[in-house]
1. If I filter the range 140-176 down to residues being within 25 Å of Ala211 (Cα to Cα) and among the polar types (S, T, N, Q), which single residue comes out as nearest to the ligand (Cβ to nearest atom)?
2. In the range 84-98, which residue that is surrounded by 16 or more Cβ atoms within 10 Å (Cβ to Cβ) and not in a helix (DSSP H, G or I) is farthest from the chain's Cα centre (by Cα)?
3. Which residues, counting only those in the range 192-214, are away from the ligand (no atom under 16 Å from the Cβ) and either open to solvent by less than 50 Å² (accessible area, probe 1.4 Å) or more than 16 Å from the chain's Cα centre (by Cα) (or both)?
4. Read through the list (1) among the acidic types (Asp, Glu); (2) farther than 17 Å from Ala180 by Cβ; (3) assigned to a loop (DSSP other than H, G, I, E, B), then give the number of the only condition that Asp134 fails.
5. Consider Asp77 against the criteria (1) within 14 Å of the chain's Cα centre (by Cα); (2) open to solvent by 50 Å² or more (accessible area, probe 1.4 Å): it satisfies all of them except one. Which criterion is unmet?
6. When you go through Thr161, Thr189 one by one, which is the residue that is over 17 Å from the mean Cα position of the chain (by Cα), of a type in the set (Ser, Thr, Tyr) and open to solvent by less than 50 Å² (accessible area, probe 1.4 Å)?
7. When you look at Ile19, is it within 13 Å of the ligand (Cβ to nearest atom), among the hydrophobic types (A, V, I, L, M, F, W, C) and not in a strand (DSSP E or B), yes or no?
8. Among the residues in the range 216-233, are any surrounded by fewer than 18 Cβ atoms within 10 Å (Cβ to Cβ) and away from the ligand (no atom under 13 Å from the Cβ)?
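The values are calculated or read from the model by the stated rules, or taken from the named source; none is laboratory data. Quick caveat, the model's predicted, so the values are computed rather than measured. Positions of Cβ are generated from backbone atoms using ideal geometry, with glycine treated the same way; all protein chains shown enter the neighbour counts. Only protein heavy atoms, including side chains, enter the accessible area calculation; ligands, DNA and RNA are left aside. Shrake-Rupley method; radii C 1.70, N 1.55, O 1.52, S 1.80 Å.
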Amino acid sequence: MTERSEELRDRLAQVTDRIERACAAADRATSEVSLVVVTKFFPASDVRILADLGVTDVGENRHQEAEAKAQECADLDLRWHYIGGLQSNKAAAVAAYADVVQSVDRRKLLSGLVSGAQRAGRESLDVLIQVSLDGPDATSRSGVAPDALLSLARDVVDHDTLHLRGLMAVAPLGEDPDEAFSRLAPIRTEWLETHPGADWLSAGMSGDLEAAIKIGATHVRVGSAVLGSRPSVQ
Ligand SMILES: *Cc1c(COP(=O)(O)O)cnc(C)c1O
C-alpha cells in the first residue's frame, strides 16, 4: 500500500466512524446514510484509491474537472454526483457523466439535463433539488428559496427523464450548522408530505455531518475530512 492509500484509508475509517456514531446518537441505522466522497481538486489517482477502498459514490463541483476525471475513471464502477453550481449551457454536458445531479435550483436547467441524459443513452437521471438555507438578506443564494421549492418540483416531475430523488442543502458558511439545519428539518417534513418517494436528503459535510444526520440526512458529502485540505485558491 502506498503512503497516500494508507492516509486515505485511515481518514476514511475516521469518517465512517463519525457517521456510525452520529447514526447511533440519532437512533438511526448506519445503512440509512450514504457517504459521497467529494474529490474536487484531487486527482483521478485518488479516486482510484478510494474505489479500491470501497467508496462507491464520489462528488464533484466543477464541470471541466469533473468531466475529465469521470473520463479517466470510466473503468471504475462509481456513481458520480454533481454538487456544484450549474450553468444552463453546461447542464447537458454534466448529465452525460453525472449519475446524480444534486444542485438543481432552477427551471432553466431542466431541458439541458434531459437532452444530455438522453444523448448519453440514460433512461433516467437522478436529480435532487438544492434548497437554499440562506437568509432573506443573503447577497448570493445557492439553491431555490424554500417558498419556490414545490413549484420547481412540479417542473422537474413534468420531465419523464428526470427522476426526482429528494433535496440537497448546504449550511451557510459561518453559521452554526445546528441552527441552519433546524430550518431544513421542517422544510423536509413538509416536502415528504407532497413527495414521499423523493426521500433523499443530501446534507452535511466534513464540519457538520453530525448535525445533518441528526435531522435526517441520507447522504453526506465529505471532502477534506477524507482527502485532506484543498488548495486555498477556490
Ligand atoms: C466542497 C463541497 C463539499 C465538501 O466539503 P468539505 O468541507 O471538504 O467536506 C460538500 N458539498 C458541497 C456542495 C461542496 O461544494
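1. Within the range 140-176, the match that is nearest to the ligand (Cβ to nearest atom) is Ser142.
2. Going through the qualifying residues, I end up with Leu86.
3. Answer for the range 192-214, where residues must be away from the ligand (no atom under 16 Å from the Cβ) and either open to solvent by less than 50 Å² (accessible area, probe 1.4 Å) or more than 16 Å from the chain's Cα centre (by Cα) (or both): Leu192, Glu193, Thr194, His195, Pro196, Gly197, Ala198, Lys214.
4. Exception for Asp134: condition (2).
5. (1)
6. It is Thr161.
7. Answer is yes for this residue.
8. Yes, that holds for at least one residue.
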